[in-house]
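Okay, structure first, notes after.
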Amino acid sequence: MDKISYQITLYISTFAIMAIIANISIADTLTAKESDPKVMEWMQGFPPADDKLIMQPDANYFSFPKLRWSVCHLREFLPTKVISRGLGAPIPLEYAPPAEFADLRQEIDAIEFMPMNSEQPMTWEHSLYANYTDGLLIIHKNKVVYERYFGCLEEDGKHAAMSMTKSITGLLAEILIAENKLDETALVKELIPEIGNSAFANATVRQVMNMTTGVKYSENYADPSADIWVYSAAASPLPKPDDYQGPNGYLEYLQQVQGEGKHGSEFHYKTINSDMLGWIVSRVAGKSVTQLSSELLWRSMGAEQDAYQTVDGKGVPFAGGGLTAGLRDLGRIGLLMLNEGQVNGKQLFSPQVVKKIRQGADKNKFGDRFPTLKNASYKSQWWVLHNEHEAFAARGVHGQTIYIDPTAEMVLVRFASYPKAQNGFIDPTSLPAYDAVAKYLMNHD
């Protein structure tokens, strides 16, 4: 097999690449109900029928509609490292009383809102199916007021977080900065001398965090020689062919990144920044990002489930998109962000961490590449909307989000498996829906 064929057919370990398979035009796309994994009968039976198997190393396990099963089963395809919650009892989430919870479910499902660029209203419940929702949790004033599961996700299940992983990596970095363990003004080469002549060498930690580095990284999926394919081949945990001569693993790839543009001038959403940041926080802390997530977040916040993160062939966690976790535990992450690092009266990290993220970054550097996120900015791997409610969010392809609305005192977490990767297809219904439910909850008090 030649190098290019290998790169294209081999498992693509970054979720941005797995997602491109799902972007291929699908005639007569199945609805959310029609593509439900239970309806499709994926991997059911002992053994499953041959036409119902979803396996590795088949390159299409993340194509629609198979992805609707795969997002809940990534560790069956890939090696992972655990993010341990420890052995202590979880800190329970507080729920609205049962009768009130049931009433709220009906009332929220019936909320109507107007999608972007539409004259036809939509109900909240309709939007869940329109966006191929797998799980939805809403917390208001520290109480769970809405929780539903669909598709592959059960109450005790876990789901791929995709690029919401980046926000966890950014949060770890901000915590280390607040603890004076990481200098955001330091150059990458000062912390990682072996970065060598990579374009990252002269970028500051803050530029990496905010993705304003001037690094060359093409995600033109139609070009088999684009940087993303080289990165994917390097990151794959599967055995390399004997004639493979490219970089081996995330870190080797980062050492050969070329420059493009000027550091600090513009925001460009490039996943390699997140993996560079993962290397930085691991170096200064002397621990992997999975260990740090366990110690600083999962154990401390009283998570109810372990999470896990995919790794490359050398065991380096994918800091840009490898996280899989439970819905409620990402709700706990959202609560930490809403409550500025506090859980049950205990301060897990400095309030300044969240305050810095919420301030956002220079909106002039954000540009107009995300038309559904006008007036937004990107700070510490979090999306800051700068809207009426000062909302900010973690976001991942196919519809993943932790949406924090400080004004409404609301945290919303959604897992989804929308057929197309880009959230720009989902935002026109999702963002107005979030705003509508936030205003409903504020008026419900």
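The values are calculated or read from the model by the stated rules, or taken from the named source; none is laboratory data. Everything numeric in this text was worked out from a predicted model, so none of it was measured. Using ideal geometry, Cβ is built from the backbone for each residue, glycine included, and neighbour counts are taken over all protein chains shown. In case anyone asks, the SASA skips ligands and DNA or RNA and just uses the protein heavy atoms, side chains included. Shrake-Rupley method; radii C 1.70, N 1.55, O 1.52, S 1.80 Å.
Here are some notes:
- Of all residues in the range 250-300, those satisfying the criterion of being among the polar types (S, T, N, Q) and without any contact (Cβ under 8 Å) to a residue 24 or more places away in the chain are S282, Q291.
- Residues satisfying the stated conditions in the range 104-126, i.e. assigned to a helix (DSSP H, G or I) and surrounded by 13 or more Cβ atoms within 10 Å (Cβ to Cβ): L104, R105, E107, I108, D109, W124, E125, H126
- Exclusive hit being among the hydroxyl-bearing types (S, T, Y), surrounded by fewer than 23 Cβ atoms within 10 Å (Cβ to Cβ) and over 24 Å from S350 (Cβ atoms), set Y146, Y132: Y146
- Those residues of the range 368-394 which are of a type in the set (D, E, K, R) and under 16 Å from M116 (Cβ atoms), in sequence order: D368, K374, E388
- The set of residues from the range 301-354 being open to solvent by 10 Å² or more (accessible area, probe 1.4 Å), assigned to a loop (DSSP other than H, G, I, E, B) and either out of contact with any Ser or Thr (no Cβ under 9 Å at 6 or more places or on another chain) or without any contact (Cβ under 8 Å) to a residue 12 or more places away in the chain (or both) comprises E304, Q305, K314, N339, N344, G345, S350.
- Residue satisfying all of: in the range 81-100; open to solvent by less than 50 Å² (accessible area, probe 1.4 Å) and of a type outside the set (S, T, Y); modelled with the lowest pLDDT among these: G88
- Candidate set from the range 411-437 (those that are buried (at least 22 other Cβ atoms within 10 Å of the Cβ) and over 19 Å from the mean Cα position of the chain (by Cα)); member that is nearest to K143 (Cα to Cα): V437
- Flag not set for D242, criterion: acidic (D, E) and either surrounded by 23 or more Cβ atoms within 10 Å (Cβ to Cβ) or in contact (Cβ under 8 Å) with a residue 24 or more places away in the chain (or both).
- Tabulated pairs, the range 84-109, first farther than 18 Å from K439 by Cα, second open to solvent by 70 Å² or more (accessible area, probe 1.4 Å) and at pLDDT below 95, C-beta under 8 angstrom, 6+ apart or interchain: I91/N344
- Against the numbered list (1) touching a helix residue (DSSP H, G or I) at 6+ places or on another chain (Cβ under 9 Å); (2) open to solvent by less than 60 Å² (accessible area, probe 1.4 Å); (3) outside any helix (DSSP H, G or I); (4) not small (G, A, S), L78 comes up short only at (1).
- For the range 260-291, a residue qualifies if it is open to solvent by 10 Å² or more (accessible area, probe 1.4 Å) and among the aliphatic types (A, V, I, L, M), and the qualifying residues are V284, A285.
- Matching residues in the range 355-373 - criterion: being part of a loop (DSSP other than H, G, I, E, B) and out of contact with any strand residue (DSSP E or B) (no Cβ under 7 Å at 6 or more places or on another chain): G367, D368, R369, F370
- Test for K38: is it modelled with pLDDT of 50 or more and among the basic types (K, R): yes
- When the range 394-404 is filtered for residues that are more than 14 Å from L137 (Cβ to Cβ) and outside any loop (DSSP other than H, G, I, E, B), the ones remaining, listed by number, are R395, G396.
- Residue count for the range 178-201, restricted to those that are without any contact (Cβ under 8 Å) to a residue 40 or more places away in the chain and buried (at least 17 other Cβ atoms within 10 Å of the Cβ): 3
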